[in-house]
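To start, the structure under review is shown below, and the notes come after it.
All of the numbers you see were taken from the coordinates with simple rules; none came from a lab. Please read all numbers here as calculations on a predicted model, not as lab measurements. Cβ atoms come from the backbone with ideal geometry, glycine included; neighbour counts cover every protein chain shown.
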Amino acid sequence: MCRFLIEKVGKSVPLKINQTGKPSDDIAISSITPDSSEVIVMGDADVLAKINEISVDVSVASITADTVREVTIPVPDGAKSVQPQTVEVRIKTAKKSNSDSEDRNTDQNEPDSNTNGNETPDSNTNGNSNSSSDTKDTSKTFSNLDVFTRGLPDKYTAQMITPANGKVNITLNGPQSTINQISASNITAIADLSSVTEGEYSTKIQVNNLPSQVTYKLSVSTAEFLIKLKEEEESRG
């Protein structure tokens, strides 16, 4: 039986959003919300112990309407990588006062926003058309996604038995507008090893960072491991 040695150690940490820049004079920022509130940092255990959060700067400079921006997650000093590598941040806005720029904001708002869609019959008609398109279900498959581990106690080592190559395929299903915005870097497949005991151990593969309206199916839903004490491994060496 082919066994895949897991070398990476992962730690889940909160994502902190720092607002930078200023929007247009008549616009106030209501909220800045990332599509994932946590990220997985990969690296050596001693490095991960010092990492408690990751900060990301999000610029709101010159924003005139609701906006979605993709930002890159920085890799902390000493760490090997982060998952996901990018997140989408939804920036919600509100007008400070009524002005003659309503039409300009209507054009710049997201297609799925109904904020201005109800102002006139024509706008409402277009809003319904976009809403129908956005809510149409579709599916999308991503292949060969790495299965990461987290929570393995320091006294153990873990060998992955299934999936043999440490990778899975995932098929997503949900609203077309949402599915189209998801890339492989947004998806993290994780096997939680925090409750392992010595010997064979199996656990459900969890998928993080997906929007709530998206469902998924994995090619392999359960990961199987061979758990050993480090002392035994060292004595054999």
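Along the range 144-159 the Karplus relation, 6.51 cos²θ - 1.76 cosθ + 1.60 evaluated at θ = phi - 60°, assigns HN-Hα couplings of 6, 7, 5, 9, 8, 10, 8, x, 5, x, 4, 7, 10, 10, 10, 10 Hz to successive residues, with x for each Gly and Pro. The calculated pair-distance distribution of the range 159-205 uses every alpha carbon pair, bins of 10 angstrom beginning at 0, and gives 18, 43, 25, 13, 2 percent. Of the cross-linked pairs 80/228; 167/217; 16/136; 80/217, which ones have a Cα-Cα span greater than 21 Å in the structure shown? Beyond 21 Å: 80/228; 16/136; 80/217.
A simple spin-label model places pseudo-atoms 7 Å from Cα toward Cβ; at residue 86 and residue 52 they are separated by 3.1 nm. When a/c is below 1.5 the answer is rounded, else prolate if a/b is larger than b/c, else oblate, so apply that to the range 33-89 with a ≥ b ≥ c taken from the square roots of the Cα gyration tensor eigenvalues. Prolate, since a/c reaches 1.5 and a/b exceeds b/c. Taking label points 7 Å from Cα along the Cα-to-Cβ direction, residue 139 and residue 219 give a separation of 1.5 nm. Loop-located trypsin sites (Lys or Arg not before Pro) in the range 6-96 (DSSP state other than H, G, I, E, B) with a sparse environment of at most 14 neighbouring Cβ atoms within 10 Å: 50, 96.
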